[in-house]
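Visitor: Before I ask anything, let me first share the structure, which is written out below as structure tokens.
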Amino acid sequence: MVARYQPILKTIDDTILTIDKLKMQIDGKLAEIGTEATPSTGFDDDQKEETPLQKTKNDREESSLSIEQILSELNGLVGLESVKHEFEEFVNLLKVQKLRQAKGLPTPPLSLHVVFYGNPGTGKTSVARLLASLYRALGFLGTGHLIETDRAGLIAGYVGQTALKVNSAISKALGGVLFIDEAYALAPHGPEDYGAEAIEAILKQMEDHREDLAVIAAGYPDKMEEFLSSNPGLRSRFGRYWHFDDYTPVQLASIFESFCKKEKFNLTDAAREKLTTMFQTAYDSRDQDFGNARFARNLFEAAVSNQANRIVKIENPSVEALSVID
């Protein structure tokens, strides 16, 4: 019964790949002629999604940051103390590698591939973008742009098609970083799962493009071990393993207040006290689905909605009234 539908599935996969290639060509042409896009802060754990053209433009702008700007943005992120320490040590190593090259000294092999361990909403995408920019700033990668993908973007439903999808994603990332979110989902689960094929294809591309590609694999700490153990050559490809801790209640409150500041809202003392209690309760009962910054974002949006329900009942409210979250 399954065999009857395999030709149809193959045709569908082939069509999707063809459309994907055409889209890549169109996006490339539009980028070349400098198509304008509305400025955006980028898509991350606590940000809104961009259009493809916005993403292309913003990645290009972010990847041209100086080392000082990159470190300034990194240090401006809430929390992430251990990651900041690892990042800064890596900066020092990369700098010295370049100095040795300039003096004609030999340099030991250096892997640009990194594993990010962390729950959702812990800033992994923000740090990945900064790391991609760092690679460009120091001359390790040509463009330093970031291409995000996941299982759906790498695995097809028909044998032989998964490698093509992987190659397509890699081709977009050349010169920059391929960021694989929830990478543990690639670990194969049964004979009908093409995850093993995807991992093999990724490993081959990592070897073939050692000079112009970096891969960042991210996901839950415990599940990432399953991914790294799914292929004998996988773990050794990654040179660094960074742990993104959950945000503390104090840090979550700081993130919430940053949203308020950006949108020109003011918290009353009572609201701030209530907020602290809510974050502490959520933190104490958290599990692997705890949203971290996403939870703070959702709570902020709910607070704004509640404020609107209150304000709409006031005739001709003042600017102060419109700005207060109580």
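Visitor: Which members of the stretch 230-256 meet the condition of being small (Gly, Ala, Ser) and either in contact with a Phe, Trp or Tyr (Cβ under 6 Å, 6 or more places away or on another chain) or touching a residue at least 40 places away in the same chain (Cβ under 8 Å) (or both)?
Guide: Hits for the stretch 230-256 are SER230, GLY239, ALA253, SER254.
Visitor: Would you check which residues across the stretch 222-245 are surrounded by 17 or more Cβ atoms within 10 Å (Cβ to Cβ), under 17 Å from LYS124 (Cβ atoms) and hydroxyl-bearing (Ser, Thr, Tyr) and list them?
Guide: none
Visitor: Consider ARG136 carefully, then state whether it is buried (at least 17 other Cβ atoms within 10 Å of the Cβ) and of a type outside the set (Val, Ile, Thr).
Guide: yes
Visitor: Related question: Among the numbered criteria (1) at positive phi; (2) surrounded by 14 or more Cβ atoms within 10 Å (Cβ to Cβ), which one does GLY104 miss?
Guide: That leaves (2) as the condition not met.
Visitor: Out of curiosity, is ALA303 modelled with pLDDT of 90 or more and either under 23 Å from LEU130 (Cβ atoms) or charged (D, E, K, R) (or both)?
Guide: No.
Visitor: Could you grab me the full set of residues in the stretch 255-271 that are surrounded by 15 or more Cβ atoms within 10 Å (Cβ to Cβ) and not aliphatic (A, V, I, L, M)?
Guide: PHE256, GLU257, SER258, PHE259, CYS260, PHE265
Visitor: Which of (1) more than 30 Å from GLU207 (Cα to Cα); (2) in a helix (DSSP H, G or I) is the odd one out, the single condition GLU226 does not satisfy?
Guide: Only one criterion is unmet by GLU226, namely (1).
Visitor: For the stretch 265-312, how many residues meet the condition of being of a type in the set (D, E, K, R) and either farther than 14 Å from ASP326 by Cα or within 23 Å of the chain's Cα centre (by Cα) (or both)?
Guide: Here the count works out to 7.
Visitor: Looking at this structure, is PHE259 among the aromatic types (Phe, Trp, Tyr), in a loop (DSSP other than H, G, I, E, B) and touching a Phe, Trp or Tyr at 6+ places or on another chain (Cβ under 9 Å)?
Guide: Against the criterion (among the aromatic types (Phe, Trp, Tyr), in a loop (DSSP other than H, G, I, E, B) and touching a Phe, Trp or Tyr at 6+ places or on another chain (Cβ under 9 Å)), PHE259 does not qualify.
Visitor: Which residue pairs have Cβ atoms closer than 8 Å, lie 6 or more positions apart in sequence or on different chains, and pair a first residue in the stretch 312-323 that is without any contact (Cβ under 8 Å) to a residue 60 or more places away in the chain and of a type outside the set (Val, Ile, Thr) with a second residue that is assigned to a loop (DSSP other than H, G, I, E, B) and surrounded by 10 or more Cβ atoms within 10 Å (Cβ to Cβ)?
Guide: Going by the 8 Å Cβ cut-off, the qualifying pairs are ALA321/ILE314; SER323/PHE265.
Visitor: Let me ask something else. For a quick check of your reading: which helices (runs of 4 or more DSSP H) sit entirely within the stretch 56-163 and have at least 3 residues that are touching a Leu at 6+ places or on another chain (Cβ under 6 Å) and touching a residue at least 60 places away in the same chain (Cβ under 8 Å)?
Guide: Once the helices (runs of 4 or more DSSP H) in the stretch 56-163 are filtered for at least 3 residues that are touching a Leu at 6+ places or on another chain (Cβ under 6 Å) and touching a residue at least 60 places away in the same chain (Cβ under 8 Å), what remains is 124-137.
Visitor: Tell me which residues, restricted to the stretch 270-280, are hydroxyl-bearing (Ser, Thr, Tyr) and either in contact with a helix residue (DSSP H, G or I) (Cβ under 8 Å, 6 or more places away or on another chain) or modelled with pLDDT of 95 or more (or both).
Guide: Selection gives THR276 alone.
Visitor: Return the residues of the stretch 164-184 that are over 17 Å from ALA196 (Cβ atoms), assigned to a helix (DSSP H, G or I) and open to solvent by 30 Å² or more (accessible area, probe 1.4 Å); say none if nothing qualifies.
Guide: Matches in the stretch 164-184: SER171, LYS172.
Visitor: Further, regarding this structure: Considering only the stretch 282-317, state which residues are surrounded by 10 or more Cβ atoms within 10 Å (Cβ to Cβ) and not in a helix (DSSP H, G or I).
Guide: The answer is ARG286, GLN288, PHE290, GLY291, ASN292, ILE314, PRO317.
The values are calculated or read from the model by the stated rules, or taken from the named source; none is laboratory data. This one's a predicted model, so the numbers in the text were calculated from it and none came from an experiment. A quick note on method: Cβ atoms are made from the backbone with ideal geometry, for glycine too, and the neighbour counts reach across all protein chains shown. For the accessible areas, the whole protein counts, side chains as well, though only heavy atoms, and no ligand, DNA or RNA atoms are used. Shrake-Rupley method; radii C 1.70, N 1.55, O 1.52, S 1.80 Å.
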